[in-house]
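Worksheet: one structure, shown below.
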Amino acid sequence: MKKKEQARFDTRLPKEQKQLFEKAALLGGYRSLTDFVILTVQEKAVEIINEKEQLIASEEDARIFFDAITNPRQPNKALKDALDEYNAYKAKIKSEK
């Protein structure tokens, strides 16, 4: 089995803040302060990334939509054929009345 590559993350913080985090870890049922920090930060990181990626996708969708409205393409053969079929169908229905 291949071992995962490890990395360190060190930080300095006020004693009161560390005590707050330790209390939250204990009350939250985490095995350790490290587990609490890693899991909490990971959840928040995924949330932020998903939110920003959705925003970026929404902005790209808006750009594509706006471009399609302001710079429409010419209809292709399939679309023209569909219009002809629709008009023929409408004419047939109208003549049957």
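The values are calculated or read from the model by the stated rules, or taken from the named source; none is laboratory data. Because the structure is predicted, anything quoted here is derived from the model rather than measured. Cβ placement follows ideal geometry from the backbone for every residue including glycine, while neighbour counts extend to all protein chains displayed.
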Practice problem: Return yes when ALA57 is among the small types (Gly, Ala, Ser) and either over 28 Å from GLN17 (Cα atoms) or touching a strand residue (DSSP E or B) at 6+ places or on another chain (Cβ under 7 Å) (or both) and no when it is not. | Solution: yes
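Residues are listed down the side, and each one gets a yes or a no for (1) at pLDDT 90 or above; (2) hydroxyl-bearing (Ser, Thr, Tyr):
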{"site": "LYS3", "(1), (2)": "no, no"}
{"site": "ARG12", "(1), (2)": "yes, no"}
{"site": "PHE21", "(1), (2)": "yes, no"}
{"site": "THR34", "(1), (2)": "yes, yes"}
{"site": "VAL41", "(1), (2)": "yes, no"}
{"site": "LYS52", "(1), (2)": "yes, no"}
{"site": "THR70", "(1), (2)": "yes, yes"}
